[in-house]
1. Confirm whether L85 is open to solvent by less than 60 Å² (accessible area, probe 1.4 Å), under 23 Å from A149 (Cα atoms) and in a helix (DSSP H, G or I).
2. If you take the residues in region 109-125 that are part of a helix (DSSP H, G or I) and either in contact with an Asp or Glu (Cβ under 6 Å, 6 or more places away or on another chain) or hydrophobic (A, V, I, L, M, F, W, C) (or both), which one is most open to solvent (accessible area, probe 1.4 Å)?
3. Within region 88-103, count every residue that is surrounded by fewer than 17 Cβ atoms within 10 Å (Cβ to Cβ) and in contact with a Ser or Thr (Cβ under 9 Å, 6 or more places away or on another chain).
4. Criterion first (open to solvent by 60 Å² or more (accessible area, probe 1.4 Å), of a type in the set (S, T, Y) and either more than 22 Å from A29 (Cα to Cα) or modelled with pLDDT of 85 or more (or both)) does T51 satisfy it?
5. Which ones in region 54-74 are open to solvent by 20 Å² or more (accessible area, probe 1.4 Å), within 19 Å of the chain's Cα centre (by Cα) and farther than 24 Å from E150 by Cα?
6. Is it true that some residue in region 10-19 is under 30 Å from A153 (Cα atoms) and either free of Cβ contacts under 8 Å to residues at least 12 places away in the same chain or β-branched (V, I, T) (or both)?
7. Which one of these does A155 not meet: (1) closer than 17 Å to L86 by Cα; (2) open to solvent by 50 Å² or more (accessible area, probe 1.4 Å); (3) at pLDDT 90 or above?
8. For region 32-46, give me each residue that is open to solvent by 20 Å² or more (accessible area, probe 1.4 Å) and either of a type in the set (G, A, S) or within 17 Å of G57 (Cβ to Cβ) (or both).
Amino acid sequence: MQDVEAFAAALQRVRRQAGLTYRELAERAHYSHAHLVRAAGGKQLPTWEVTAAFLTGCGVPPDLMPVWRRHWETAGRDPQDVLGLLQLATTLEDLGSALATLARPRSLRTLARLTGIPRTTIQGWLQGTRLAGRDRLDHLVRAIGATPAERAAVAQAVDRISSGRSPAVPAA
């Protein structure tokens, strides 16, 4: 939630720096005033489409949009939740759920474009119906910007599931 709030605060700063009211921004972004206020409210992450319209309306140049997109994607996932899911994964379904959380909010089409891996293969991994090799899965998680800790946790989960071992339980 803190990442969503920080992202919303960044949107608010961009709007203020552009010298726009929400009503002026609504005219430029082609979204309602209320919609844009909610987008920068920090209670939930706006869609990428709303975010891009907000930023474009504030005059953010197109070459900075990929940077904003990465910030938006990062704000949309809680790294502690992803690590916890990966560390506890004992089945393909568990691993798939963790991978889907890590990949969120990207579509299968986007993931396939980023990695060159067929959509049906990625879908099988995310649904937990197919076990990926470590190298191919690492290629996927690197392409979506996983942290080194997340990458290591994915590799450990694959090894654990492949060997049928139980996850290590941290000492209390």
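The values are calculated or read from the model by the stated rules, or taken from the named source; none is laboratory data. Given the structure is predicted, the values throughout are model-derived calculations rather than measurements. Cβ atoms come from the backbone with ideal geometry, glycine included; neighbour counts cover every protein chain shown. In case anyone asks, the SASA skips ligands and DNA or RNA and just uses the protein heavy atoms, side chains included. Shrake-Rupley method; radii C 1.70, N 1.55, O 1.52, S 1.80 Å.
1. Numbers: open to solvent by less than 60 Å² (accessible area, probe 1.4 Å): no; under 23 Å from A149 (Cα atoms): yes; in a helix (DSSP H, G or I): yes.
Considered against the rule, which asks whether it is open to solvent by less than 60 Å² (accessible area, probe 1.4 Å), under 23 Å from A149 (Cα atoms) and in a helix (DSSP H, G or I), L85 comes out as no.
2. L114
3. 2
4. Working: open to solvent by 60 Å² or more (accessible area, probe 1.4 Å): no; of a type in the set (S, T, Y): yes; either more than 22 Å from A29 (Cα to Cα) or modelled with pLDDT of 85 or more (or both): yes.
Considered against the rule, which asks whether it is open to solvent by 60 Å² or more (accessible area, probe 1.4 Å), of a type in the set (S, T, Y) and either more than 22 Å from A29 (Cα to Cα) or modelled with pLDDT of 85 or more (or both), T51 comes out as no.
5. Hits for region 54-74 are L64, M65.
6. Scanning region 10-19 turns up no residue that is under 30 Å from A153 (Cα atoms) and either free of Cβ contacts under 8 Å to residues at least 12 places away in the same chain or β-branched (V, I, T) (or both).
7. The single condition A155 does not satisfy is (2).
8. Taking region 32-46 first, the residues open to solvent by 20 Å² or more (accessible area, probe 1.4 Å) are 32-35, 37-38, 41, 43-45.
Of everything in region 32-46, those that are open to solvent by 20 Å² or more (accessible area, probe 1.4 Å) and either of a type in the set (G, A, S) or within 17 Å of G57 (Cβ to Cβ) (or both) turn out to be S32, H33, A34, H35, V37, R38, G41.
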